[in-house]
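The values are calculated or read from the model by the stated rules, or taken from the named source; none is laboratory data. No experiment lies behind these values; they were computed from the predicted model shown. Here the Cβ positions follow ideal geometry from the backbone for every residue, glycine too, while neighbour counts run over all protein chains shown.
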Amino acid sequence: MGIRERLSGNEAAAYAMKQINPDVVAAFPITPSTEIPQYFSTFVSNGTVDTEFVAVESEHSAMSACVGAEAAGARAMTATSANGLSFMWEMLYIASSLRLPIVMSLVNRAVSGPLNIHNDQSDAMGARDSGWIMLFSENNQEAYDNLLMAHRIAEHKDVLLPLMVCQDGFITSHSIENIELVEDDKVKEFVGTYKPEHYLLNDREPIAMGPLDVQSYLFEHKYQQANAMRNAKKVVKEVSEEFEKLTGRKYSFFEEYRLEDAEIAVICMNSTAGTTKTVVDELRNQGIKAGMVKIRMFRPFPAEELAMALGNLKAIAVMDKADSLNGAGGALFEDVVSGMYVAKKQVPIVSYVYGIGGRDTTSKDIHEVYDYLKDVAKTGEIDNPYRYVGVRK
């Protein structure tokens, strides 16, 4: 039996870090993720963990410290948001290219400017091609669970890539929910001990990290990274299945909600899924065959599996809480459309950008999306595939 508790999303993330007991945590405060290292620092100060906590002068330094620690053979973690992630930009690529399985809690927030401290997912979308595995969390429970699985995925010998666990700033990070914690001893056994094969402090194998990688080698190393990301799909599946045996909580690449006989569906990520499920239930009560897909694993993107799940629908809306500013929809929309095209699944798909800068997304907004999908399902025609919901025009 798990331990019943009431925690905010930030508290849940810090508690997961406490149970993992990493060797090093390096962090710099930034709203709305500040509470994670703050809560964790109390575990350090009272001796609950034996982690080396490094209080740095910037987020760039935080990721640099994690890179150095992980390269030396230590298990390293951090947390950040928005502009903090942007300031890490250089080191995100270095962490992934050096194949260092650092784990980061990313509390999603709008990236400036103009300055905004509220939730959208522009920070994560900006880093989507940096070589990090990306898991998204609908609620506090999922943020906690994803962090417990993160090291098992990232440190697998066929992967060795950094991993970020995302949750929506304030919406989940500061909201208190009921949560079921895993017992400390079971977490310790599940996560295991980090035993890297190659690391700088191994005096039996002198190595160099971060050398100049010119035309002769860089392409091959990037190809290896791409293969590692492809391998991560299998590992995410395996670890999630093992976690289900431990806790009874089932996770996959994405969650299908009332999709088995659905004719129209919305695809979304993070906390928006909760509102969308409520709308789906309301529509079902009206006899409308609505469904939803919640993406959990955004990198690597489950293109083939998603196309199989969506192939029999009559109309789909993909909801992006970040605008790619490309005139052609958001990042999630582009990935879904690409996957469907390659799989030869011809279903009308509409892009919706929503919730920018913390704009509330209500059930009325989601109903508006489904209302348009009902029309598309009848006619098969889309007058404008690039749409916005909740914006004042």
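Taking the range 349-379 as the search range and keeping residues that are aliphatic (A, V, I, L, M) and out of contact with any strand residue (DSSP E or B) (no Cβ under 6 Å at 6 or more places or on another chain), which one is surrounded by the fewest Cβ atoms within 10 Å (Cβ to Cβ)? Filtering the range 349-379 for residues that are aliphatic (A, V, I, L, M) and out of contact with any strand residue (DSSP E or B) (no Cβ under 6 Å at 6 or more places or on another chain), the one surrounded by the fewest Cβ atoms within 10 Å (Cβ to Cβ) comes out as Ile356.
No other residue among Ser112, Ser86, Ser64, Ser97 is out of contact with any strand residue (DSSP E or B) (no Cβ under 7 Å at 6 or more places or on another chain), surrounded by fewer than 17 Cβ atoms within 10 Å (Cβ to Cβ), assigned by TED's automatic domain parsing to the domain that holds Leu160 and not aromatic (Phe, Trp, Tyr) apart from Ser112.
Since Ile382 meets every condition but one in (1) surrounded by 20 or more Cβ atoms within 10 Å (Cβ to Cβ); (2) hydrophobic (A, V, I, L, M, F, W, C); (3) over 30 Å from Val159 (Cβ atoms), which condition does it not meet? The failed condition is (1). Could you tell me whether Val369 is free of Cβ contacts under 8 Å to residues at least 24 places away in the same chain, among the aliphatic types (A, V, I, L, M) and under 30 Å from Gly113 (Cβ atoms)? When the stated conditions are applied, Val369 does not pass them. Listed by first and then second residue, the pairs linking a residue in the range 342-358 that is farther than 23 Å from Thr31 by Cα and among the polar types (S, T, N, Q) to a residue that is modelled with pLDDT of 95 or more and assigned to a helix (DSSP H, G or I), with Cβ atoms under 7 Å apart and 6 or more places separating them unless they lie on different chains, are Ser351/Phe333. Taking (1) within 18 Å of Tyr199 (Cα to Cα); (2) free of Cβ contacts under 8 Å to residues at least 24 places away in the same chain; (3) not charged (D, E, K, R) in turn, Met63 satisfies each apart from (2). Based on this model, can you work out whether Ala273 counts as in a loop (DSSP other than H, G, I, E, B) and surrounded by 19 or more Cβ atoms within 10 Å (Cβ to Cβ)? The answer is no for Ala273. Can Ser112 be described as farther than 24 Å from Ala12 by Cα and touching a residue at least 24 places away in the same chain (Cβ under 8 Å)? Considered against the rule, which asks whether it is farther than 24 Å from Ala12 by Cα and touching a residue at least 24 places away in the same chain (Cβ under 8 Å), Ser112 comes out as yes. Scanning the range 240-282 for residues that are of a type outside the set (Val, Ile, Thr) and in contact with a Cys (Cβ under 7 Å, 6 or more places away or on another chain) yields one hit, Asn270.
Under the condition of being out of contact with any Phe, Trp or Tyr (no Cβ under 9 Å at 6 or more places or on another chain) and surrounded by fewer than 20 Cβ atoms within 10 Å (Cβ to Cβ), the residues counted in the range 308-339 number 8.
Residues checked against (1) more than 14 Å from Ala290 (Cα to Cα); (2) touching an Asp or Glu at 6+ places or on another chain (Cβ under 8 Å):
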residue: Tyr354; (1), (2): yes, yes
residue: Gly358; (1), (2): yes, yes
residue: Thr361; (1), (2): yes, no
residue: Glu368; (1), (2): no, no
residue: Asp375; (1), (2): no, no
residue: Asn384; (1), (2): yes, no
residue: Gly390; (1), (2): yes, yes
residue: Lys393; (1), (2): yes, no
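With respect to Gly192, is the statement that it is closer than 29 Å to Ser324 by Cβ and of a type outside the set (A, V, I, L, M, F, W, C) true? Considered against the rule, which asks whether it is closer than 29 Å to Ser324 by Cβ and of a type outside the set (A, V, I, L, M, F, W, C), Gly192 comes out as no.
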